[in-house]
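The values are calculated or read from the model by the stated rules, or taken from the named source; none is laboratory data. This structure is a prediction, so every number in the text was calculated from the model and none was measured. When we count neighbours, we look across all protein chains shown, and the Cβ atoms used for this are built from the backbone with ideal geometry, even at glycine. Accessible surface is based on the protein model in full, side chains and every heavy atom, while ligands, DNA and RNA are left aside. Shrake-Rupley method; radii C 1.70, N 1.55, O 1.52, S 1.80 Å.
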Amino acid sequence: MRYHCLQTFLQHLEKQGELRRITEEISPLLEVTNLAQIEAVAPCPTPSKTAGSFDPGRENIGGQALLLENLKDCDFPLVINTFGSYFRTEESLGGKGLDEIAEIISSYTNMAPPSGLSDLLAMAKQFKPLLSMKPKRRKGNGICQEVVQLVSKGEVNLLRMPIIKCWPLDGDPREVGYDMSPEQSRTAKGEGRFITFAGMHTIHADDIGVAKPKSHNIGMYRAQLLDETHLAMHWHIHHDGAAHWRSWKAIGQPMPIAICFGGETVMPYAATCPLPPGMSELLMAGFLQGKGIELVKAKTVPLWIPANSEIVIEGFVNTDCGFCGWEPKDGELGEGAVFEGPFGDHTGFYSMPDRYPLVEVTAVTHRKNAVYPTIVVGPPPQEDYYLGKATERIMLPLLKVMIPDIIDYHLPKFGTFHNCVFVQINSQYKENARKVMHAIWGAGQLAWTKVIVVVNETVAIHDEHAVFEALSGIDIFNDIEVVRGALDILDHAAPEIGAGGKIGFDATNAVPKEDAIRIVSVLKKEGGMGADSLKNAHQKHKSVSMLFAVDHDIDTENLGDVFFNFCACFDPSRDMHYFESCIGFDGTTKMHGDERNGKAVRAWPPKLIGHNGD
């Protein structure tokens with residue numbers, strides 16, 4: 001079953017026992033996060049029937065969705081953890097297993113060229129349903145425009161929306177080491193509250209005045225609440241939304257934006273899906289929905305928006321703002337800009353503040369009984385974890401078209417999607433694994449991957465212990481590939497923002513060894529102690545071929561915790577140490593004194609800790 005709006009989906013979840021209503025007054029400042037974190041690790045009412053095959057042990061967690069009906073000082077109820085289990089994510093995409101959706105995509109990607117007229121007619125028949133999946137633009141209002149509030153009439157107050165503060169240090173640069181208050185950052189009134197789960201609709205400046213703009217993009221970025229009528233827009237420089245902003249900046253005009261909440265339940269996944277260039281998120285949503293997404297014209301910006309959204313914030317993004325990479329020591333912040341952040345992120349650390357543009361809001365439209373959807377962004381498993389794993393499964397057929405050597409792949413939870421990927425191939429020739437590594441480092445959003453482990457077809461790719469066992473048998477002098485390249489800008493270990501080292505391990509011919517890998521716990525007080533600890537461990541354990549150093553507060557018996565922190569705190573261009581028969585990898589917190597190979601250590605962010613100590 002497919003759902004034409006968020007509320008029909010919530011009704012379905014409630015009937016299934018997958019949604020719980022909470023009527024007590026809840027503050028949007030941190031209290032929503034506490035409730036969501038409890039649910040995130042609780043057993044879910046309905047386990048997924050299929051997820052155990054690619055994410056064993058996590059098919060039955062995620063608790064319930066929560067509908068909070070009484071948010072303090074807010075005008076809308078809030079729903080969270082809606083997509084926080086495999087079952088609910090599958091239901092949102094039509095009730096199919098994720099691999100089943102992938103099989104449908106595979107039926108198109110694996111289609112052989114027609115050998116005759118009958119084959120051509122059969123192919124045309126198979127492709128015909130795709131024609132009905134294009135977006136449908138219609139006249140009049142959508143349900144998202146039952147209520148229209150205009151800034152020009154003094155009707156908009158974003159402070160009354162249930163925009164949440166997720167983590168204690170959110171929005172205060174002083175808490176992460178900057179001598180700059182929220183007032184100086186121009187963010188104080190928002191109290192560290194962020195929009196975390198909305199589709200941001202933009203177009204390229206080249207499409208000004210085009211009735212059906214081909215560049216229409218939907219991204220899921222965060223936006224920091226500033227005051228009654230302003231937000232700060234945050235996006236990574238390699239995302240389409242940022243590229244669109246640069247196009248408007250080039251012509252000196254503010255960029256129109258529509259921030260859309262809810263709608264068809266396929267919309268959040270489509271907004272996060274790493275699609276091939278030229279393929280629209282609206283087309284992907286239509287494919288998953290089985291019919292085109294209905295669009296209507298926004299009220300105050302020249303954009304089409306999903307008609308069945310719950311709430312839409314319209315406005316213009318300032319293009320006078322300078323680019324990110326600004327520090328207070330650089331001088332004036334400049335016009336049209338704020339010092340956005342910090343923000344507790346899915347990496348398990350706060351992303352540091354930086355300069356980002358203001359959004360001048362012009363209108364808010366919504367349905368009469370609107371519900372505000374949101375998520376907590378933080379270390380997995382959060383809702384974005386299940387959407388990310390959906391991409392892993394659904395996009396496998398397209399990845400195999402791009403890189404035919406691949407049999408399957410796995411995005412481990414500890415890798416937070418951009419830090420690590422396991423890849424299974426049928427190795428056919430010498431250095432086949434290296435070919436695959438470099439192909440991945442050039443493949444869409446996988447290009448930001450920092451650590452790749454390649455195994456052969458005999459290794460169960462979704463069994464993380466089996467992959468680590470294969471890794472133990474590599475030849476450390478011949479099976480490791482280290483390169484430089486672009487990284488996710490959330491990678492705080494990178495020597496430069498968005499750029500640093502990457503590493504690939506070829507375990508396709510590895511024979512597992514006993515005690516080849518050792519974890520080193522380091523009580524680090526000054527720079528260089530991680531490297532010293534690795535050297536000392538090598539002297540004590542000559543038979544070990546790989547040493548991984550992590551901070552002393554990490555449970556070294558829990559490989560997930562070890563490699564979650566290792567991947568977050570390690571840069572291959574700076575933090576690898578070669579000994580006579582061993583390689584040491586320094587995954588400790590970096591500080592002054594850890595600079596090496598000409599590679600800097602940037603300002604280091606705090607780890608996420610809930611305000612109740614969790």
Rank these by accessible area, largest first, 1.4 Å probe: 208, 101.
208, 101
Students sometimes get this wrong: rank 193, 246, 434 by accessible area, probe 1.4 Å, all chains present, largest first.
246, 434, 193
If the only charges are +1 at each Lys and Arg Cβ and -1 at each Asp and Glu Cβ, what is the size of the charge dipole of segment 443-505 around the Cα centre, to the nearest 20 debye?
280
Longest principal axis of the chain (C-alpha) makes with the long axis of helix 31-40 (C-alpha) an angle, in degrees to the nearest 10, of 60
Which whole-number percent of Cα pairs in segment 473-534 have a distance greater than 18 Å?
61
Loop-exposed chymotrypsin sites (Phe, Trp or Tyr not before Pro) per DSSP, neighbour cap 16 Cβ within 10 angstrom, longest uninterrupted part of the chain
1-322
Pairwise centroid distance, computed over Cα atoms, of segment 559-573 with segment 308-324, Å:
35
Of 435, 329, 590, which has the most accessible area with a 1.4 Å probe, and how do the rest follow in descending order?
329, 435, 590
Amide H proximity to residue 356 below 5 Å, modelled H, separation 5+ or other chain, gives 338, 340
Summed side-chain charge close to residue 475 - residues other than residue 475 whose Cβ falls under 15 Å, Lys, Arg +1, Asp, Glu -1:
-2
Using only the alpha-carbon atoms, how far is helix 6-15 inclined from the longest principal axis of the chain? Give it as 0 to 90 degrees, nearest 10.
70
In the set (1) 33.7; (2) 25.3; (3) 29.5, which value of Kirkwood radius over Cα pairs in Å was calculated from the structure you see?
(2)
Please give the peptides 168-175, 210-217, 398-405 ranked by average Cβ packing (other Cβ atoms within 10 Å per residue), highest first, as a rough proxy for protection.
168-175, 398-405, 210-217
Using only the Cα atoms of segment 457-614, what are the Rg and Dmax in Å?
15.7, 48
Taking 0.36 nm per residue of separation between residue 597 and residue 15 and subtracting their Cα-Cα distance, the length gained on full extension comes to 203.6 nm
Taking residue 525 as the anchor, which lysines have their alpha carbon closer than 20 Å to its alpha carbon, excluding any fewer than eight residues away along the same chain?
535, 590, 607
Let me check I've understood the local charge: for residue 303, count other residues with C-beta under 9 angstrom from its C-beta, Lys and Arg +1, Asp and Glu -1. What total comes out?
0
Going residue by residue through segment 560-568, the Karplus relation 6.51 cos²θ - 1.76 cosθ + 1.60 with θ = phi - 60° gives ³J(HN,Hα) values, rounded to whole Hz and with x marking Gly or Pro, of x, 5, 4, 7, 4, 6, 4, 4, 6
Mind checking which lysines have their C-alpha under 27 Å from residue 430, skipping anything on the same chain fewer than 8 residues away?
400, 450, 502, 513
Short version: what are the Cα gyration tensor semi-axes of segment 294-340, square root of 5 times each eigenvalue, largest first, in whole Å?
34, 11, 8
Between residue 41 and residue 147, what length in nm is gained on full extension when 0.36 nm per residue of separation is reduced by their alpha carbon distance?
34.4 nm
Less than 14 Å from a label point 7 Å out along the Cα-to-Cβ axis of residue 139: which backbone N atoms in segment 188-221 qualify, by residue?
none
Ignoring ligands, DNA and RNA, what accessible area per residue does segment 313-386 give at 1.4 Å, in Å²?
29
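Taking 0.36 nm per residue of sequence separation and subtracting the Cα-Cα distance, how much length would be gained by fully extending the chain between residue 175 and residue 8, in nm to one decimal?
Working: separation 167, 0.36 × 167 = 60.12 nm, distance 4.13 nm.
Here the segment from residue 175 to residue 8 would lengthen by 56.0 nm.
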Put +1 on the Cβ of each Lys and Arg and -1 on the Cβ of each Asp and Glu in the chain; which of 581, 415, 168 then has its Cα farthest toward the positive end of the dipole?
415
For residue 39 the rounded accessible area (nearest 10 Å², probe 1.4 Å, non-protein molecules ignored) is 20
Residue list for segment 492-516, given a label point 7 angstrom along the Cα-to-Cβ vector of residue 430 and an amide N cut-off under 18 Å:
506-510
Once the Cα atoms of helix 383-394 and of the chain are each reduced to a long axis, what angle between those two axes, in degrees from 0 to 90 to the nearest 10, is obtained?
80
If the reach is capped at under 16 angstrom between alpha carbons, list the aspartates and glutamates near residue 599, excluding any in the same chain fewer than eight residues apart.
491, 496, 571, 575, 586
Accessible surface of the chain [probe 1.4 Å, protein heavy atoms]: carbon and sulfur percent
52
Mind checking Rg over Rh on segment 169-241, alpha carbons, Kirkwood formula for Rh?
1.10
Under 16 Å from the 7 Å Cα→Cβ point of residue 466, by amide nitrogen: which residues of segment 392-427?
407-412, 422-427
Label-point separation (nm) for residue 211 and residue 99, each offset 7 Å from Cα along Cα-to-Cβ?
4.6
For segment 212-229, 3J(HN,Hα) per residue [Karplus equation, 6.51 cos²θ - 1.76 cosθ + 1.60, θ = phi - 60°, Hz, x = Gly/Pro]:
10, x, 5, 7, 3, 10, 10, x, 10, 10, 9, 9, 8, 5, 10, 6, 4, 9
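Rounded to the nearest 500 deg cm²/dmol, what is the calculated helix-only ellipticity per residue at 222 nm for the chain, with -39500 (n - 2.57) per DSSP H run of length n ≥ 4? Can you show the working numbers first?
On the way: 15 runs with 140 residues, N = 614.
Using -39500 (n - 2.57) per qualifying helix, the result is -6500 deg cm²/dmol.
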Taking only protein heavy atoms and a 1.4 Å probe, what accessible area per residue, in Å², does segment 468-614 have with all protein chains in place?
44
